[in-house]
Each structure stands twice: as C-alpha cells, then as structure tokens.
Amino acid sequence: MAVTHYNVAVVGATGAVGRTMLDILETRRFPIAEIKALASARSAGKKVLFAGSILDVQETTPEAFEGIDIALFSAGASVSKKFAPIAAEAGAVVIDNTSQFRRDDDIPLVVPEVNRADIFKHNGIIANPNCSTIQMLVALDPIRKAAGIERLVISTYQAVSGAGASAMEEARLQCQATIEGKTVQPSIFPHPIAFNVLPHIDVFQDNGYTKEEMKMVWETRKIFGEPNLRVSATCVRVPVLTGHSEAVNVETRDKIEASKVRELLEKTPGVTVVDDPANLQYPMPMNAAGTDPVYVGRIREDLSHDKALNLWIVSDNLRKGAALNAVQIAEEWIKGE
Ligand code: A2P
C-alpha cells in the first residue's frame with residue numbers, strides 16, 4: 001500500500017522547540033511531501049537544515065498555509081492566536097505547542113500515551129500540553145489506572161530551554177560572566193539564573209500561584225478527564241540547559257506498593273525506570289537531554305501517609321515535553337482512529 005505523504009509547516013522553525021520539531025520529523029521519518037520552515041519576518045531568508053537539505057525560512061503569513069496538511073506551531077501564544085485558525089481554515093490540522101487553546105473545551109489537549117482517542121475530536125486544532133504536565137502524566141497514568149489518584153503535590157526543577165533559545169543564551173553567558181567575576185543584567189529572566197533558582201515561571205495569578213503552576217492543575221485535570229482532581233504545584237527555574245525534573249507526591253485512592261509501581265512503570269511505553277540507589281542510579285536531566293523517554297526513579301512509599309508515593313520524574317522538555325509529543329500526535333492522527 002502506498003504511504004500518503006503530507007505537506008508540513010513548522011511555525012517557529014528557528015526556535016528551540018521548532019528546531020527540535022524539524023529534527024524529530026526527520027529522524028522518525030515522518031512521511032513528508034513538502035516541508036515549510038516558518039518564523040517571523042526577522043528570519044525570512046535564514047536557512048535551516050532538514051534531512052540533508054537546506055530550507056529557506058519564510059515569514060509566517062496567511063498565504064504560507066495554502067496546501068499545508070499539518071502545521072506544527074511553536075512561536076508563542078500570540079502567533080498561534082493569529083495564525084492557527086487561518087491554518088485550520090486553509091485545511092491544515094494544527095498541532096499547537098503554546099498555551100493559547102489548551103483550556104478551550106472544543107480543543108483536545110493530548111498526550112498520546114494517555115488520551116489518544118481525544119485526537120479525533122478536533123475541529124482543526126489540537127493542543128500540545130505544557131512540558132511539565134506531559135512528562136508527569138506519562139508516568140502517572142499507569143498508577144491512576146491501577147489505584148486511582150486522589151491528590152498530587154509537585155515541585156518542578158525546570159530547564160532554561162523551556163523559555164526559548166534566547167533564554168539558553170542568557171544562561172550560558174551569565175554563567176560564564178559570573179565565573180569571570182562580572183555582573184550581567186538579566187533580560188529574559190527577572191533575576192540572574194546563573195548559580196541561582198527562581199521560584200517563578202510565567203506570570204503570577206491573583207491566587208498567588210504562577211500561570212505555569214496553574215497550567216499543571218488545569219491541564220492534568222483536562223487530560224485525565226478528572227475536573228476535580230486535587231493538584232498543587234510549585235514550579236522552579238533552575239540553571240539546567242535542557243531537561244525538566246519533578247518531585248511528585250502522589251496520593252492514591254487504593255494502597256499501591258512502590259514495588260508494584262516500579263513493575264507497572266517498567267512495562268509502560270515511553271517510560272524508562274532508573275531506580276537503583278545502591279548503585280547511585282536515578283534520573284538526571286543531563287542524561288535525559290537529547291533522548292525521548294520519561295525517566296522515573298526514587299520510587300518510594302511516603303513515610304507520612306499510607307496511600308501515597310514519592311516519584312522523581314525527568315524528561316527532555318524540548319522533546320517529550322514539546323516537539324516529540326507534537327510529532328507523536330501527528331503520527332497518531334495520520335494512522336487514524
Ligand atoms: P524568529 O527567530 O524569527 O524570532 P524560542 O521559543 O526559542 O524563543 O523561539 C520562538 C520562535 O517563534 C522562533 O522561531 C521565532 O522566530 C518565532 N516567532 C517569534 N515571533 C514570531 C512572529 N511574530 N511570527 C512568526 N514567528 C515568530
């Protein structure tokens with residue numbers, strides 16, 4: 001049977017996630033007829049590499065979406081707000097990595113390992129969840145299915161690449177300057193990120209939480225289809241280039257032993273268990289960066305609660321947390337229901 005090939009556009013192709021999208025489309029051999037690399041007018045004429053050829057970056061305009069079958073967006077919420085409906089109207093399926101549409105009732109929010117069926121409910125736009133939420137839910141879904149989840153208490157340790165290519169550059173330059181005894185004014189982050197941690201990602205809300213923390217609440221509930229699930233998060237930026245880490249306390253409905261959780265996670269597609277403290281083996285962002293799995297370790301029962309566990313979950317925020325999950329949605333979409 002002949003494989004159908006698709007015209008694909010990557011919006012934000014010069015950015016940290018967009019470049020990873022191109023890389024993942026290439027290495028997973030996504031069936032592409034033609035590919036377009038789109039960015040802002042500033043980048044028009046720049047070149048990006050794809051599968052051994054050089055693509056000219058084009059400005060994102062309404063006309064750019066003519067004939068496109070699949071459009072992967074990662075150029076910020078305002079670009080998605082303006083262009084995603086235009087792309088969908090032109091006949092493309094949009095997979096949007098920004099927060100623009102994630103909370104809309106008629107727009108599916110998908111982690112394929114968790115709620116694949118929701119892909120097929122779309123009206124032109126499918127939302128890709130927040131990076132911290134994706135990796136957490138891949139690891140928690142088997143526990144939820146086995147024992148139910150009552151409550152989640154999360155602390156994240158998030159890499160600077162989550163804030164884009166310019167944030168990575170700021171972190172690198174600041175680390176270098178600090179070692180040389182110089183001071184540098186932060187521009188992307190509100191305070192120095194070199195040799196520091198910032199308990200502040202995205203904007204503060206009226207309830208005292210940041211929007212990043214509330215995304216973990218809203219998106220976990222939507223993807224699990226549990227609108228009342230109790231979730232509480234503290235999201236922290238750390239001076240790691242790539243790879244988000246999370247300490248997650250999971251209170252379950254039924255008692256489940258740590259050994260059973262380890263056994264379940266060892267069988268879970270997309271998860272790699274790294275949990276051998278005797279040999280100092282546990283997940284670290286340094287090892288996760290550039291790879292696809294969600295790594296889970298430090299699996300242990302909560303000493304203060306008989307139906308709760310602690311987990312340490314790490315994944316590459318640019319890959320499973322963004323570009324890989326988006327490409328997986330596209331792959332499942334073309335396979336069909
Ligand atoms: P550009 O490089 O032309 O600014 P990151 O998240 O790494 O900061 O990347 C953001 C991506 O979004 C880049 O590819 C950037 O392109 C793109 N982008 C930013 N503003 C716009 C815009 N107004 N229209 C289209 N793409 C944009």
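Taken together, the values in this text are just the output of simple stated rules run on the coordinates, not laboratory data. Everything quoted here is computed from the prediction, not taken from an experiment. Please note: Cβ atoms are built from the backbone with ideal geometry, for glycine as well, and neighbour counts cover all protein chains shown.
A few notes on this one:
- Anisotropy class of region 1-126 from Cα gyration tensor, a/c 1.5 cut: oblate
- Whether region 179-337 is rounded, prolate or oblate, judged on the alpha carbon gyration tensor where a/c under 1.5 counts as rounded: rounded
- Loop chymotrypsin sites (Phe, Trp or Tyr not before Pro), region 77-178 (other Cβ atoms within 10 Å of the site Cβ: 15 or fewer; DSSP): none
- Computed over region 37-121: relative contact order in percent, which uses C-alpha pairs under 8 Å that are six or more apart: 20 percent
- Dipole-positive endmost among LEU264, ILE95, TYR282 within the chain (Cβ charges, Cα centre): TYR282
- Residue among MET216, MET21, MET168 with the largest mean-square fluctuation in a Gaussian network model of the chain, springs linking Cα atoms under 10 Å: MET168
- Neighbour-limited loop hits for GluC sites (Glu not before Pro), region 137-203 (at most 13 other Cβ within 10 Å; DSSP other than H, G, I, E, B): GLU180
- Scanning residues 5 or more positions from VAL110 or on other chains, those with amide H under 5 Å from its amide H are ALA127, with H placed 1.01 Å from N in the peptide plane.
- Per-residue HN-Hα couplings for region 97-102 [Karplus 6.51, -1.76, 1.60; θ = phi - 60°; Hz; x = Gly/Pro]: 7, 8, 7, 3, 10, 4
- Cleavage-rule hits, chymotrypsin sites (Phe, Trp or Tyr not before Pro), region 191-257, DSSP coil, Cβ neighbours within 10 Å at most 12: PHE195
- Cα-based helix-to-principal-axis angle, 211-224 vs the chain, degrees rounded to 10: 90 degrees
- Computed FRET value (nearest 0.05) for ALA258 with ARG221, which takes r as the C-beta separation and R₀ as 30 Å: 0.70
- Calculated diffusion of the chain, Stokes-Einstein form, Kirkwood radius summed over Cα pairs, 4 °C and 1.567 mPa s, µm²/s: 63 µm²/s
- Region 16-55: C-alpha gyration tensor shape, a/c 1.5 cut-off, then a/b vs b/c: prolate
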